[in-house]
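Data first, discussion second: the structure below is written as structure tokens.
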Amino acid sequence: MGILERLLHSVVNRHDGESNHGDSRSHGKFVLSVDRRTAMVSLAALSGVQLTGCAEPPRKAADGRYCYHAKTHSGSRPTCTPGAVPDLTADAQAKQFVPVPDKLVVYVVRNRWGDAVNVVNLAFDGGSLVSTTPASLVRFVLTPGTHRLAFEWKKGRGDLEFRGEAGQVLFVDLVGSLWFWGESYRMEIGGPALRDKALKSRLVADVNPGETK
């Protein structure tokens, strides 16, 4: 029995116990029947979300784009970058997380279980947009100081302002949450655990000092 099933089973059992104290036995059965039906509908809906969160191995399209394939009931749903991504050599080099003298290095990591679709665009300090997919990574090399990192997708936008020093390497977590009742994104400065997620993500853009502020 999975986590969701155990949770819903405990809810049903709780209502079963409550119904035994009702004024009418038939009333207790009615309440229990509705609770079980509601639990089953909820479980079915949540199971659909779980399937959407699964993914096939990432693929690189023939034209050099990176595509993340989320499994669905009818097959798979690809989310692809609009343009070609860095090759695997650049991917491996970026994942050494080496500081750059006199520069601030920022890794934006997008790799959350509940984030399986959508292209989310990033921009530092009003610069050019960089597109991300689920399970992707972007490296920015910036001048030290205060910066504003903005993001946008088809249903909203947001930003994060922070300060970094020369020789520093920072990790920013692009947190996506997609459920049947809605979707949201936010950004936050990540801890050491985010480095492990970065290693499991594909580098989709490597922005050099000459390309941003």
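No value in this document is a laboratory result; all are computed from the given coordinates. Model, not experiment: these values are computed from the prediction. FYI the Cβ positions are ideal-geometry reconstructions off the backbone, even for glycines, and counts take in every protein chain you see.
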Sites matching chymotrypsin sites (Phe, Trp or Tyr not before Pro) across the stretch 152-190 that sit in DSSP coil, with at most 10 neighbouring C-beta atoms within 10 Å: F180, W181
In nanometres, the difference between 0.36 nm per residue of separation and the alpha-carbon distance of D102 and T143 is 14.0 nm
Eight or more residues apart or on different chains, and alpha-carbon atoms under 25 Å: count the Lys pairs in the stretch 86-211 matching that. 6
